[in-house]
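A quick write-up on the structure given underneath.
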Amino acid sequence: MKISNPTKLNITTLQYVFGTVEIYDNYLITIMHEGITVIPEYNKDLLEISKTYFKNRPFGYISYRKNSYAVDPRVYIETSKIENLMAFAVVSTHEINISNVEIEKIFLKKPFHLFDALSEAKAWVDKMVNEAD
């Protein structure tokens, strides 16, 4: 299924202990809670989301880093195993996140890009997903 309109409506919003996940046609957007540490155990939720909303089709992940929080890089080892995940984008203008992304990229074996605007991340993820379809 090819979808070229990057301004799609939100399909649903899910609340988790770590933050909010918004589901769209080609991707999901996460907004983590202030001060948490993203740990590998949270991957079970991402895996469940991928099976429920993106079964047998490619999708992308957008981390909208509005809040300050830590990421255990081991998260990306498990995230890399999700076969239909085609792209991973981080949206942030905070200097610390920019340098952290360079480290995070080492652990994730998927296309990974940093953006300073959500609209740019959505357009890139849509392109990556549509090319994989």
Subject >> Selection count, the range 1-25, where residues are crowded, with 17+ Cβ neighbours inside 10 Å, within 16 Å of LYS55 (Cα to Cα) and modelled with pLDDT under 95 >> reply: 1
Subject >> Enumeration of residues in the range 73-101 that are touching a His at 6+ places or on another chain (Cβ under 8 Å) and either assigned to a loop (DSSP other than H, G, I, E, B) or among the small types (Gly, Ala, Ser) (or both) >> reply: ALA87, ALA89
**OP:** Kindly list the number of the only condition in (1) at pLDDT 95 or above; (2) over 17 Å from THR30 (Cα atoms) that fails for MET86.
**Re:** (2)
**OP:** Please find, among ILE29, ILE62, the residue that is within 22 Å of MET128 (Cα to Cα), assigned to a strand (DSSP E or B), touching a residue at least 12 places away in the same chain (Cβ under 8 Å) and in contact with an Asp or Glu (Cβ under 6 Å, 6 or more places away or on another chain).
**Re:** ILE29
Original post:
How many residues does the range 75-91 contain that are surrounded by fewer than 18 Cβ atoms within 10 Å (Cβ to Cβ) and either touching a residue at least 24 places away in the same chain (Cβ under 8 Å) or closer than 24 Å to SER119 by Cα (or both)?
Top reply: 4
Original post:
Identify, please: which residue in the range 32-59 is in contact (Cβ under 8 Å) with a residue 60 or more places away in the chain and not in a strand (DSSP E or B) and is, among those, surrounded by the most Cβ atoms within 10 Å (Cβ to Cβ)?
Top reply: PRO58
Original post:
Does SER63 qualify as being of a type in the set (S, T, N, Q) and crowded, with 21+ Cβ neighbours inside 10 Å?
Top reply: yes
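The values are calculated or read from the model by the stated rules, or taken from the named source; none is laboratory data. Everything numeric here is computed off the predicted structure, so don't read it as measured data. Note: ideal-geometry Cβ built from the backbone for every residue, glycine included; neighbour counts use all protein chains shown.
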